[in-house]
Amino acid sequence: MRYSVQAKYVDVHEDIVQAITNRGMVISATSHIADMLDRTGKDVGSDKKIYRQAQVVLFCSAVISRKAMEADAHNAVFCPYGIAVYELENDRGKIFVSYRKAPRVNGEVSQQAMEEVEKLLDGIAREA
């Protein structure tokens, strides 16, 4: 799922961080996508700049993750959850917030738990 807003990148990124921490969750890592692509571009034969700024904020919910993994231990692959915040090089001033939609999983209880994950991610994205 993807949303966009005309804003400053730092403001939207901070809003995502606040929306996560205000729900009592801890950010486990931040993936610096734009920095990595800029740093490795020459090594893979490209000088194309894709993002002006781009990060993925990674976190988990102890409550929702437990429900998902109690329903099916194989749901561990979906944790941590990630929300991307980025600004495209050719679309400055428009900040995108995106996340992966809940996948189809086996079992009704497992599917309901994964839908809770998606509801959480959507709430955070919309709040920001």
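The values are calculated or read from the model by the stated rules, or taken from the named source; none is laboratory data. Since the structure is predicted, the reported quantities are computational estimates derived from the model, not experimental observations. Note: ideal-geometry Cβ built from the backbone for every residue, glycine included; neighbour counts use all protein chains shown. For the accessible areas, the whole protein counts, side chains as well, though only heavy atoms, and no ligand, DNA or RNA atoms are used. Shrake-Rupley method; radii C 1.70, N 1.55, O 1.52, S 1.80 Å.
When ligands, DNA and RNA are left out and all protein chains stay put, how many square angstrom of accessible area per residue does the chain have with a 1.4 Å probe? Before the final figure, lay out the partial values.
Working: 7880 Å² over 128 residues.
Solvent-accessible surface per residue comes out at 62 Å².
Please report the equivalent ellipsoid semi-axes of the stretch 1-51, computed as sqrt(5 x eigenvalue) of the Cα gyration tensor, largest first, in whole Å.
Taking √(5λ) for each eigenvalue gives 28, 15, 8 Å, largest first.
Which entries of 8/49; 49/119; 8/42; 67/101; 48/94 show an alpha-carbon separation above 26 angstrom in the structure shown?
Beyond 26 Å: 49/119; 8/42.
If I stretch the segment between residue 43 and residue 92 completely, what's the gain in nm (0.36 nm per residue apart, minus their alpha carbon distance), one decimal?
15.0 nm
Please report the relative contact order for the chain, taking Cα pairs under 8 Å with a sequence separation of at least 6, and give it as a percent rounded to a whole number.
Once normalised by length, the contact order is 32 percent.
Taking only C-alpha pairs under 8 Å that are 6+ residues apart, what is the relative contact order of the stretch 1-75 in percent?
Values: 53 pairs, mean separation 23.3, N = 75.
With pairs under 8 Å counted, the relative contact order is 31 percent.
Using 0.36 nm per residue, how much length does the chain from residue 6 to residue 122 gain when fully extended, once their Cα-Cα distance is taken away? Walk me through the numbers before you get to the answer.
Values: separation 116, 0.36 × 116 = 41.76 nm, distance 1.86 nm.
Result: 39.9 nm gained on full extension.
How would the stretch 50-128 be classified by its alpha-carbon gyration tensor: rounded, prolate or oblate, with rounded meaning a/c under 1.5 and the a/b versus b/c comparison settling the rest?
The shape class here is prolate.
Mind checking the dipole of the chain: about its Cα centre, +1 per Lys or Arg Cβ, -1 per Asp or Glu Cβ, Debye to the nearest 20?
Magnitude of the dipole: close to 200 debye.
DSSP beta bridges in the chain, what fraction antiparallel, as a percent rounded to 5?
Approximately 100 percent, going by the DSSP bridge assignments.
What list of ³J(HN,Hα) values in whole Hz, one per residue of the stretch 77-84 in order, does the Karplus curve 6.51 cos²θ - 1.76 cosθ + 1.60 (θ = phi - 60°) give from phi, with Gly and Pro shown as x?
Couplings: 4, 8, 10, x, 8, x, 10, 8 Hz.
How many times 2.2 N^0.38 Å is the alpha carbon radius of gyration of the stretch 3-95?
1.29
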